[in-house]
Amino acid sequence: MVRTLVVRGLLLGLLAGLIAGGFAFAVGEPQVDAAIALEEAAAPAPAAADGHGHSHGAEAEVGRPVQKAGLFLATGLYGLAVGGVFALVFAGLRGRVEPRSDGCLALAAAGTAFVAVILVPFLKYPANPPAVGDPATINSRTALYVVMVLVGLAAVAIAVATARHVHAGAWPRWVAVAAAFLVPVVAAWLLLPTVDEVPDGFPATLLWEFRLASLGTQFVFWTVFGALFGWACDRAARSAAAPMSAAAPS
């Protein structure tokens, strides 16, 4: 069963990744092109070529057409990796947490993963287009982002544990779950340093259009993947139940 779930997760993750790549290509790439144009306009003139026609100080770069094609490769591989991990986590949660329906559990797990792994870090450290961010701080910024991902996952784990141990009624239970999730997240937002490396004069509209496109790409991926995975699980459950119903005595 676990092997079937993993294969299902890999295939549907790949499909969802390609669909998300299409969204990123249509919505996000125009902002990337605009940001690159601003970066090139602000860059110093390239070094003069020597007598043999060779320029100095400029390294060969991957062209934009290749980068755009690589976008689908990147989102496809991302979908494969996420789909496999999600399937393993789903197998561990199945039958142990609510909801009991495979389809509803898949949607709930995908939504929770989006909030914990994508939304929580995004609200503190949103994505930036080219020309935004100091290359010298990329390691520290990456570490801070990973910390926020871990905080989001820890907050979800605390919220789930709270939901399983609080039995004081529906509303008190949900209030306790929300508080258990928000306390570590808000504490991390307040305690971790703020990163603001947007250069002066960078268009605010372009910045937020890029950030929303980045968040939208992840939202499309997790929505499509959760819906497809849940549908496939429910379909498999119905197919498995059909022979048993047919064999039951009338």
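The values are calculated or read from the model by the stated rules, or taken from the named source; none is laboratory data. Small disclaimer: the values here were computed from a predicted structure and weren't measured. Methodologically, a virtual Cβ is constructed for each residue, glycine included, from the backbone with ideal geometry; neighbour enumeration extends over all protein chains shown.
Identify, by number, the condition in (1) hydrophobic (A, V, I, L, M, F, W, C); (2) within 30 Å of residue 198 (Cβ to Cβ); (3) surrounded by 13 or more Cβ atoms within 10 Å (Cβ to Cβ); (4) free of Cβ contacts under 8 Å to residues at least 60 places away in the same chain that residue 146 doesn't meet.
(3)
Filter segment 169-193 for residues that are at pLDDT below 90 and touching a helix residue (DSSP H, G or I) at 6+ places or on another chain (Cβ under 9 Å); which is farthest from residue 137 (Cα to Cα)? Before you say what the answer is, go through the steps one by one.
Just the residues of segment 169-193 that are at pLDDT below 90, to begin with: 169-174.
Filter once more, keeping what is touching a helix residue (DSSP H, G or I) at 6+ places or on another chain (Cβ under 9 Å): 173-174.
Numbers: 173: 42, 174: 40 Å.
Result: 173.
Determine whether residue 122 is in the same structural domain as residue 94 (by TED's automatic domain parsing), assigned to a helix (DSSP H, G or I) and not aliphatic (A, V, I, L, M).
Against the criterion (in the same structural domain as residue 94 (by TED's automatic domain parsing), assigned to a helix (DSSP H, G or I) and not aliphatic (A, V, I, L, M)), residue 122 qualifies.
Do you know which residues across segment 85-108 are surrounded by fewer than 18 Cβ atoms within 10 Å (Cβ to Cβ), assigned to a helix (DSSP H, G or I) and in contact with a Leu (Cβ under 7 Å, 6 or more places away or on another chain)? I'd like the intermediate steps shown before the answer.
We begin by selecting, within segment 85-108, every residue surrounded by fewer than 18 Cβ atoms within 10 Å (Cβ to Cβ); these are 85, 88-89, 91-101, 104, 108.
Those still in the list that are assigned to a helix (DSSP H, G or I) too: 85, 88-89, 91-93, 104, 108.
Listed by number, the residues that qualify are 91, 93.
Filter segment 158-196 for residues that are at negative phi and loosely packed, with under 11 Cβ neighbours inside 10 Å and give the result.
165, 167, 168, 170, 171, 190, 191, 193, 194, 196
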